[in-house]
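Single-structure report; data block below.
The values are calculated or read from the model by the stated rules, or taken from the named source; none is laboratory data. Every value quoted in this text rests on a predicted model; they were computed, and no experiment measured them. We place every Cβ from the backbone using ideal geometry, glycine too, and count neighbours over all the protein chains shown.
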């Protein structure tokens, strides 16, 4: 609030505003690429492990595409083989008694 009042009393220099806008425009693409990588890479591995094409993870680039991808993953049939359960194999039944 105080900053807004200060700016209203002392308007910023137009040259300084141009420099700030250029700085933001130079940094923003890098931030966007990092954010996309943080989202796309995990979805890439999830799609691959679920048996879907990993290229589906690029749906996150499109607005609401991530939501569509989550619905595909949630309600689609995963084409994976169940992992074997750890533990010992079941014991064979005892031999019949001799009479």
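Checking residue 3 against (1) loosely packed, with under 10 Cβ neighbours inside 10 Å; (2) assigned to a helix (DSSP H, G or I); (3) modelled with pLDDT of 85 or more, which single condition isn't satisfied? Among (1) loosely packed, with under 10 Cβ neighbours inside 10 Å; (2) assigned to a helix (DSSP H, G or I); (3) modelled with pLDDT of 85 or more, the lone unmet condition for residue 3 is (3).
Of all the residues in the range 6-23, those that are at pLDDT below 80 and not in a helix (DSSP H, G or I) number 3. Within the set 83, 74, 35, 26, the sole residue that is under 19 Å from the mean Cα position of the chain (by Cα), loosely packed, with under 10 Cβ neighbours inside 10 Å and either modelled with pLDDT under 95 or not in a loop (DSSP other than H, G, I, E, B) (or both) turns out to be 74.
Scan the range 40-69 for residues that are exposed (fewer than 15 other Cβ atoms within 10 Å of the Cβ) and in a helix (DSSP H, G or I) and jot them down. Walk me through it before giving the result.
Looking only at the range 40-69, we keep the residues that are exposed (fewer than 15 other Cβ atoms within 10 Å of the Cβ), and these are 41-42, 45, 48-49, 51, 53, 55, 61-65, 67-68.
41, 42, 45, 48, 49, 55, 61, 65, 67, 68 - these are the residues of the range 40-69 that are exposed (fewer than 15 other Cβ atoms within 10 Å of the Cβ) and in a helix (DSSP H, G or I).
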